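The values are calculated or read from the model by the stated rules, or taken from the named source; none is laboratory data. This structure is a prediction, so every number in the text was calculated from the model and none was measured. We place every Cβ from the backbone using ideal geometry, glycine too, and count neighbours over all the protein chains shown. Side chains are part of the model used for accessible areas, which takes the heavy atoms of the whole protein and leaves out ligands, DNA and RNA. Shrake-Rupley method; radii C 1.70, N 1.55, O 1.52, S 1.80 Å.
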Amino acid sequence: MANKWVYMFSEGDMTMRNLLGGKGANLAEMTSILGADVIPQGFTVTTEACTQYYEDGRKINDEIMAQIMDGVKKMEEINGKKFGDAQNPLLVSVRSGARASMPGMMDTILNLGLNDDVVASMIAGNPDPTFERFVYDSYRRFIQMFSDVVMEVGKKYFEQLIDKMKEEKGVQYDVELTAADLKTLAEQFKAEYKNQLGTDFPSDPVEQMKLAVEAVFRSWDNPRANVYRRDNDIPYSWGTAVNVMPMVFGNLNDESGTGVAFTRDPATGENKLMGEFLKNAQGEDVVAGVRTPMPIAQMEQEFPEAYKKFLEVCETLENHYHDMQDMEFTIENKKLYMLQCRNGKRTAPAALKIACDLVDEGHKTEEEAVAMIDPRNLDTLLHPQFDAAALKSATPIGKGLGASPGAACGKVVFTAEDAEEWNARGEKVVLVRLETSPEDITGMKASQGILTVRGGMTSHAAVVARGMGTCCVSGCGDINMDEENKKFTLAGQTFTEGSEISIDGTTGNIYAGLIPTVDAQIAGEFGRVMEWADKFRTLKVRTNADTPADAKKARELGAEGIGLCRTEHMFFEEDRIAAFREMICSDTVEEREAALEKILPYQQSDFKALYEALEGNPVTIRFLDPPLHEFVPTEEADIKKLADAQGKSVEEIKAIIDSLHEFNPMMGHRGCRLAVTYPEIAKMQTKAVIRAAIEVQKAHADWAVKPEIMIPLVCEVKELKYVKKVVVETADAEIAAAGVKLDYEVGTMIEIPRAALTADEIAAEADFFCFGTNDLTQMTYGFSRDDAGKFLDAYYDAKIFENDPFAKLDQTGVGKLMETAIKLGKPVNNKLHVGICGEHGGDPSSVEFCHKIGLDYVSCSPFRVPIARLAAAQAAIANK
Ligand code: PEP
Ligand code: MG
């Protein structure tokens with residue numbers, strides 16, 4: 001049988017999400033639970049058809065097109081109207097719908113099927129003057145959307161024409177334009193279309209349909225969708241489905257309207273209906289913030305019947321999906337139609353509250369609640385909030401809607417491009433716009449916060465900011481904006497580019513100047529969900545911490561040990577770097593030992609503080625791994641200082657620095673290579689590790705202090721053996737001299753492909769392995785970890801890569817090396833424990849992989865510890 005590319009809503013259900021996309025599967029599911037009279041009955045063109053479209057060289061083949069037109073025919077029968085018919089026309093919407101919801105990322109076309117003939121006969125068949133206005137309003141909207149979405153003629157040309165018309169007519173809102181005005185606009189739009197494209201606006205509805213479906217498929221590959229997918233781990237191969245539905249008209253008259261609503265508050269999670277609607281409008285008006293919508297509660301007065309029905313629908317949907325629903329609806333002549341439902345996007349605090357409430361209400365088990373929270377979302381909770389005292393003494397100068405919580409302060413910028421540019425040079429910015437559009441997404445990402453003049457809680461800015469976890473205040477109508485000249489006034493104050501501002505995405509308050517922020521804490525619902533997560537996970541979570549402050553923070557956030565202390569990072573401070581440079585720039589063992597003597601006390605006290613912060617939990621100390629180019633002095637004054645300290649001339653120091661120059665420092669004289677050349681460095685570090693451990697163990701008899709010494713950048717077992725001998729001899733001598741008992745371990749990083757491939761040999765000498773996936777990725781790909789960013793964009797554009805392999809673990813290649821190392825190593829040393837401490841240790845999908853291949857722990861930066869705890873729990877639940 002030929003492939004089935006098209007499914008009527010009555011043929012699907014919610015289990016068919018992969019094939020029908022989220023929207024299509026839910027429209028089918030809603031059809032069966034709410035009834036076909038509430039869901040305008042249409043069809044879904046499958047995600048497989050999208051894949052086929054790309055395989056066919058971005059064309060819809062005849063078979064798919066025939067099935068689409070067959071779907072249209074069935075839709076005509078169900079709805080008693082005819083597509084393209086002048087007497088009784090069926091108008092449709094064409095909308096995208098991928099497997100995972102990607103709000104605002106792809107395109108929608110409404111009112112498709114209109115042309116001059118259809119318009120004329122519709123008007124002729126209905127003498128009501130408001131109907132004529134409605135028809136022209138629909139027509140101008142269709143031309144505008146079709147031109148923008150399908151033919152990629154910029155929206156702005158049409159918006160300019162609308163603005164001009166409003167100005168000429170002396171009105172503020174589009175609803176105040178008359179039928180005649182809209183008719184003129186429709187004519188002007190068609191002329192603009194021809195002017196831009198050189199051809200007439202297509203009047204054949206079948207051609208309109210084909211072009212529209214193609215445009216939705218094409219939109220899967222638009223730049224903003226590609227960025228969104230990369231940020232949200234959505235594979236390119238999934239494709240999008242297309243949903244074709246008969247139009248119901250919220251812009252028919254004042255007995256009609258359209259809205260979006262959530263069954264619970266997506267910002268706070270509170271269990272109360274939240275939403276907005278507009279009378280006499282079509283869907284995009286609410287989202288685009290063309291007029292400021294009314295709160296959903298007001299619908300009760302305006303449309304009591306439909307409101308009652310809507311409340312029933314909300315309850316049915318929540319009871320069915322057991323999750324907060326995000327819904328789009330339209331009222332046509334007082335009757336309610338549901339156009340979409342999906343599990344709603346929510347802020348991190350809302351996600352936690354909703355998960356806890358759903359457990360308490362009996363909708364979900366604790367396991368299901370843990371599984372429903374996106375770990376990446378937690379990030380926002382871990383970021384600073386305004387300092388309460390500072391906030392109390394600050395007076396807001398304005399207020400908008402608290403659209404996405406959190407605190408943001410920074411310098412005002414007016415365009416997405418400026419936001420990116422300023423951010424790239426290290427400035428914190430708040431993006432202030434009349435309203436945002438999907439083109440602004442990368443600029444929004446580069447901003448601390450977003451402030452808009454127009455738009456409600458479901459405006460583009462609000463939805464996208466919530467998804468990104470970026471603070472957003474929307475719809476502050478008091479702002480008097482002059483985007484062109486990059487300035488605005490609020491409460492009598494003028495803000496120009498670079499002015500300082502603070503915004504509170506929870507309350508919607510806006511403040512002049514910068515308000516200090518404080519760190520967040522794990523408490524309340526966050527704490528409850530984390531407790532559940534800890535119950536389910538088997539993978540331990542450690543942290544990468546180089547300072548006692550980081551270690552303490554990580555402990556607060558639930559770290560169960562330090563998986564990586566980069567000892568070279570303990571030397572960045574002014575007074576320490578001098579001693580470190582002396583060590584690097586020594587000519588003789590004596591000179592080096594003298595420098596090391598200066599370093600030893602620093603190291604010992606640092607390690608002591610780390611053990612204390614960890615209270616007897618494991619602490620892995622990685623021996624020096626300094627890419628030398630990061631440490632040698634470059635400033636004249638520093639060179640002079642070093643020369644004086646070493647009793648050398650500036651020229652001599654410069655000569656040493658020259659001799660240290662490496663063409664490829666990341667593959668240079670770093671890691672254990674340093675200890676092979678200068679064993680006295682490993683000796684000093686061992687002394688510091690062991691002496692500190694003895695001190696802390698003595699002070700805390702109830703802790704089991706057991707340092708884990710980690711040797712970096714090993715590629716050959718003999719290398720490890722060589723350094724280990726130095727470590728063991730030094731450590732044992734220290735322990736014997738102190739007359740105490742102290743256990744310690746010596747392990748290695750696996751971060752060079754050769755180490756992974758010879759892990760059986762290495763395991764015989766190592767107590768543990770820890771995957772350094774930053775270097776392992778660098779060396780497996782042969783991409784410099786410092787420079788790959790410069791060309792990766794080209795790889796995304798060419799679809800060679802979907803993700804940055806330094807951020808998301810490459811399971812196919814790098815992962816295979818990890819699996820190999822475990823398979824080779826464990827049988828040789830059955831006590832071998834294995835972890836990961838590259839950046840991937842805090843990335844949720846990488847954490848799942850680590851769980852699957854049997855790692856004992858992941859180690860990540862302190863603020864990612866809760867993310868890793870949740871991801872580890874989800875991995876355990878999903879792979880039971
Ligand atoms: C690694 O390479 O993954 C690692 C953790 O070490 P570093 O980033 O310090 O090289
Ligand atoms: Mg490394």
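Out of all the residues in segment 766-794, which are among the hydrophobic types (A, V, I, L, M, F, W, C) and open to solvent by 10 Å² or more (accessible area, probe 1.4 Å)? Quick ask: steps written out before the conclusion?
Here is the first cut: in segment 766-794, the residues among the hydrophobic types (A, V, I, L, M, F, W, C) are 766, 768-771, 776, 779, 783, 788, 791-792, 794.
The answer is MET779, PHE783, PHE791, ALA794.
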Of the residues in segment 748-765 that are within 16 Å of ligand 2 (Cβ to nearest atom) and surrounded by 20 or more Cβ atoms within 10 Å (Cβ to Cβ), the one that is farthest from GLY841 (Cα to Cα) is ILE762
Meets criteria (of a type outside the set (A, V, I, L, M, F, W, C), within 16 Å of ligand 1 (Cβ to nearest atom) and without any contact (Cβ under 8 Å) to a residue 12 or more places away in the chain) for GLY782: yes
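Name the residues in segment 581-593 that are under 20 Å from GLU651 (Cβ atoms) and under 47 Å from the mean Cα position of the chain (by Cα), would you?
Answer for segment 581-593, where residues must be under 20 Å from GLU651 (Cβ atoms) and under 47 Å from the mean Cα position of the chain (by Cα): ARG581, GLU582, ILE584, CYS585, SER586.
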Filtering segment 52-100 down to residues that are open to solvent by 30 Å² or more (accessible area, probe 1.4 Å), touching a residue at least 60 places away in the same chain (Cβ under 8 Å) and in contact with a helix residue (DSSP H, G or I) (Cβ under 6 Å, 6 or more places away or on another chain) yields GLY84, ARG99
Residue count, segment 345-360, condition in a loop (DSSP other than H, G, I, E, B) and crowded, with 24+ Cβ neighbours inside 10 Å, comes to 2
* Asked: Do we have PRO618 as surrounded by fewer than 16 Cβ atoms within 10 Å (Cβ to Cβ), within 21 Å of ILE562 (Cβ to Cβ) and not hydrophobic (A, V, I, L, M, F, W, C) here?
  -> no
The correct count of residues that are among the polar types (S, T, N, Q) and away from ligand 2 (no atom under 16 Å from the Cβ) in segment 662-677 is 1
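I need the full set of residues from segment 721-747 which are open to solvent by less than 10 Å² (accessible area, probe 1.4 Å) and either without any contact (Cβ under 8 Å) to a residue 40 or more places away in the chain or away from ligand 2 (no atom under 15 Å from the Cβ) (or both), in order please.
Of segment 721-747, the ones open to solvent by less than 10 Å² (accessible area, probe 1.4 Å) are 723, 727, 731, 746-747.
The answer is VAL723, VAL727, ALA731, VAL746.
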When restricted to VAL689, VAL705, VAL696, the only residue under 30 Å from VAL589 (Cβ atoms) and not small (Gly, Ala, Ser) is VAL689
Here the qualifying pairs (Cβ atoms under 7 Å; residues six or more apart or on different chains; first in segment 578-598 and within 22 Å of THR634 (Cα to Cα); second open to solvent by less than 50 Å² (accessible area, probe 1.4 Å) and charged (D, E, K, R)) come out as MET583/ARG592; SER586/ARG592; ARG592/GLU680; ALA595/GLU582; LEU596/GLU680
* Asked: Is one or more of the residues making up segment 650-661 among the hydrophobic types (A, V, I, L, M, F, W, C), more than 24 Å from LEU832 (Cβ to Cβ), buried (at least 16 other Cβ atoms within 10 Å of the Cβ) and within 16 Å of ligand 2 (Cβ to nearest atom)?
  -> no
Scanning segment 178-201 for residues that are touching a residue at least 24 places away in the same chain (Cβ under 8 Å) and not in a helix (DSSP H, G or I) gives THR178, PHE201
So, first residue in contact (Cβ under 8 Å) with a residue 60 or more places away in the chain and open to solvent by 50 Å² or more (accessible area, probe 1.4 Å) in segment 389-418, second residue assigned to a loop (DSSP other than H, G, I, E, B) and not hydroxyl-bearing (Ser, Thr, Tyr), Cβ within less than 6 Å, six or more apart or across chains; the pairs are LYS399/GLY508; LEU401/MET457; LEU401/GLY475; LEU401/GLY508; LYS411/GLU427; LYS411/GLY498
In segment 840-875, anything over 19 Å from ASN377 (Cβ atoms) and charged (D, E, K, R) is listed as LYS852, ASP856
Exactly one of LEU614, LEU596, LEU628, LEU610 is more than 16 Å from ligand 1 (Cβ to nearest atom), within 20 Å of ILE711 (Cα to Cα) and within 35 Å of the chain's Cα centre (by Cα), and that residue is LEU610
Quick count over segment 15-38, residues being under 32 Å from the mean Cα position of the chain (by Cα) and in contact (Cβ under 8 Å) with a residue 60 or more places away in the chain, is 12
Cβ pairs under 7 Å, 6+ apart or interchain, first in segment 420-442 and part of a loop (DSSP other than H, G, I, E, B), second open to solvent by less than 50 Å² (accessible area, probe 1.4 Å) and of a type in the set (Ser, Thr, Tyr), ordered by first then second residue, are LEU434/THR452; GLU435/THR452; GLU435/SER459; THR436/THR452
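Taking the conditions exactly as written (under 18 Å from VAL72 (Cα atoms), open to solvent by 10 Å² or more (accessible area, probe 1.4 Å) and touching a Leu at 6+ places or on another chain (Cβ under 8 Å)), does GLY42 satisfy them or not?
On the way: under 18 Å from VAL72 (Cα atoms): yes; open to solvent by 10 Å² or more (accessible area, probe 1.4 Å): no; touching a Leu at 6+ places or on another chain (Cβ under 8 Å): yes.
Spelling it out, it is not the case that GLY42 is under 18 Å from VAL72 (Cα atoms), open to solvent by 10 Å² or more (accessible area, probe 1.4 Å) and touching a Leu at 6+ places or on another chain (Cβ under 8 Å).
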By residue number, the members of segment 745-779 that are within 12 Å of ligand 1 (Cβ to nearest atom) and either of a type in the set (Lys, Arg) or part of a helix (DSSP H, G or I) (or both) are ALA755, THR773, ASN774, ASP775, LEU776, THR777, GLN778, MET779
Of the conditions (1) under 20 Å from ALA462 (Cα atoms); (2) touching a Gly at 6+ places or on another chain (Cβ under 6 Å); (3) outside any helix (DSSP H, G or I), the single one that MET327 does not satisfy is (2)
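Does ALA49 meet the test of being crowded, with 24+ Cβ neighbours inside 10 Å and farther than 19 Å from LYS210 by Cβ? Can you show your working first?
Numbers: crowded, with 24+ Cβ neighbours inside 10 Å: yes; farther than 19 Å from LYS210 by Cβ: no.
Considered against the rule, which asks whether it is crowded, with 24+ Cβ neighbours inside 10 Å and farther than 19 Å from LYS210 by Cβ, ALA49 comes out as no.
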Reported set for segment 616-659 where residues are aliphatic (A, V, I, L, M) and without any contact (Cβ under 8 Å) to a residue 24 or more places away in the chain is ALA637, ILE639, ALA643, VAL650, ALA655
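Which of the following residues is out of contact with any Cys (no Cβ under 7 Å at 6 or more places or on another chain) and at pLDDT below 90: THR547, THR489, THR494, THR538? Steps first, please.
On the way: THR489 fails: at pLDDT below 90; THR494 fails: at pLDDT below 90; THR538 fails: at pLDDT below 90.
After ruling out the rest, the residue left standing is THR547.
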In the set GLU848, GLU802, the lone residue that is surrounded by fewer than 22 Cβ atoms within 10 Å (Cβ to Cβ), part of a helix (DSSP H, G or I) and away from ligand 1 (no atom under 12 Å from the Cβ) is GLU848
How many residues of segment 629-646 are open to solvent by 10 Å² or more (accessible area, probe 1.4 Å) and within 16 Å of ligand 2 (Cβ to nearest atom)? The answer is 2
Checked segment 633-680 for anything within 16 Å of ligand 1 (Cβ to nearest atom) and not small (Gly, Ala, Ser); matches are GLU662, ASN664, PRO665, MET666, MET667, HIS669, ARG670, CYS672, ARG673, LEU674
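Go through segment 805-842 residue by residue and tally those that are part of a loop (DSSP other than H, G, I, E, B) and in contact (Cβ under 8 Å) with a residue 40 or more places away in the chain. Walk me through it before giving the result.
Taking segment 805-842 and keeping what is part of a loop (DSSP other than H, G, I, E, B), we get 805-813, 829-832, 837-838.
Okay, now just the ones that are also in contact (Cβ under 8 Å) with a residue 40 or more places away in the chain, so 808-809, 829, 831-832, 837-838.
Residues meeting the conditions: 7.
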